[in-house]
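Encoded as structure tokens, the structure appears first; notes follow it.
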Amino acid sequence: MNESVWMQHLTWEEVKTAIDDSQGTIILPVGSTEQHGPHLPVGTDTMVANGIAEAAAREAGVLVAPPLWFGWSPHHMVLPGTITIRPEILIEVAYDMVESLHHHGLDKFIFVNGHRIVNIAWLQIAGERAKRKLGVKVALFDPAYMSKSFVREMGWGEVGHAEEIEGSHMWHLYPDLVKMERAVDHPHTPASLYHVDPAYPEDTLCYVPSSPAEQEVLAQASGGTGGMPSKASREEGARYHNHLVKRLVEVVHMLQG
Ligand SMILES: [Zn+2]
């Protein structure tokens, strides 16, 4: 295996060797480019996916594809730096990435999603089509689902936006890009029927679209943050990261088994 697990760092000859060495397995980080409050960079969702993918790939001896830096983010267009791509385009891009890589001999694909619930729908559609048309194995690894027990243990609040979960993780991975002193808390308002967090114990609607007007309220109140970034901890971010890396390595082995 080469020193770098990132495909874009390798020559085609090195890619060929890496494909053979990886039992045809590749991790594809997918995120977004969107506002993440006054304290986190707009690349946060892609960066956390990259961080998990890189560490797990190194441990499991597999490749990582160049990240997809864009997701479906219409609800964050109220603040600058957000780029939203239509989900019908994203389905085609994700499918074409898999089809191209399959052409070169890869047949086990793990999408790591850094952009939570809004990316899941189109990744599921692309993944299902790839499995049906190409006969490949596809898995979708989502940190919110893969850390349900861990987050409860940490005493962190529900999944929000740029909250203590993302804040802790980014603080651990990219401390120079985090401006925690600029963070503004915006506690979750109690809602009886809708929680974004899959770990939430009560019955809940699975998805309610967020309107630009609602996001404008959040932008005014907290600069785009939903949750309690003041609870973020660099040490807990490291534990959270290690938990996710371990789970992703398990998924790689499951697909290879
Ligand atoms: Zn995010």
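Numbers below:
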item: Accessible area (Å², per residue) of the range 109-257, counting only protein heavy atoms and a probe of 1.4 Å; result: 51
item: For the chain, Kirkwood radius (reciprocal of mean inverse C-alpha pair distance, Å); result: 18.6
item: Set of aspartates and glutamates near Lys16 by C-alpha distance (under 20 Å), chain-local residues within fewer than 8 positions excluded; result: Glu3, Glu54, Glu59, Asp96, Glu99, Asp107
item: Length-normalised contact order of the range 75-153 in % [C-alpha pairs under 8 Å, at least 6 apart]; result: 32
item: Stokes-Einstein D for the range 1-87, Kirkwood Rh over Cα pairs, 25 °C, 0.890 mPa s (µm²/s); result: 176
item: Per residue Cα convex hull volume in Å³ - calculated over the range 112-257; result: 138
item: Angle between the chain longest axis and helix 234-256 axis [Cα atoms, degrees, rounded to 10]; result: 40
item: Contact order normalised by residue count of the chain, Cα under 8 Å, 6+ apart, percent; result: 23
item: Principal-axis tilt of helix 117-134 within the chain, Cα atoms, nearest 10 degrees; result: 20
item: Formal net charge of residues neighbouring Trp122 (Cβ-Cβ distance under 10 Å; K, R +1; D, E -1); result: -1
item: Using alpha-carbon coordinates, inclination of helix 164-173 to the longest axis of the chain, degrees; result: 50
item: For the range 119-196, the spread of Cα positions along each principal axis, largest first, Å; result: 49, 38, 22
item: Those lysines that a straight Cα-Cα span of less than 21 Å connects to Lys133, excepting residues fewer than 8 apart in one chain; result: Lys108
item: Net charge of neighbours whose Cβ lies under 13 Å from the Cβ of Thr204, counting Lys and Arg as +1 and Asp and Glu as -1; result: -4
item: Candidates Tyr174, Tyr95, Tyr194, ranked by Gaussian network fluctuation over the chain, Cα under 10 Å, top entry; result: Tyr194
item: Label-point separation in nm, Glu59 to Tyr194, each point 7 Å along Cα→Cβ; result: 3.6
item: Mean ellipticity per residue at 222 nm, deg cm²/dmol - from DSSP H runs of n ≥ 4 across the chain, formula -39500 (n - 2.57); result: -14500 deg cm²/dmol
item: Whole-percent carbon and sulfur share, accessible surface of the chain, 1.4 Å; result: 56
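The values are calculated or read from the model by the stated rules, or taken from the named source; none is laboratory data. Source: prediction; values computed, not measured. Please note: Cβ atoms are built from the backbone with ideal geometry, for glycine as well, and neighbour counts cover all protein chains shown. Protein only, heavy atoms only, side chains kept; ligands, DNA and RNA dropped before computing areas. Shrake-Rupley method; radii C 1.70, N 1.55, O 1.52, S 1.80 Å.
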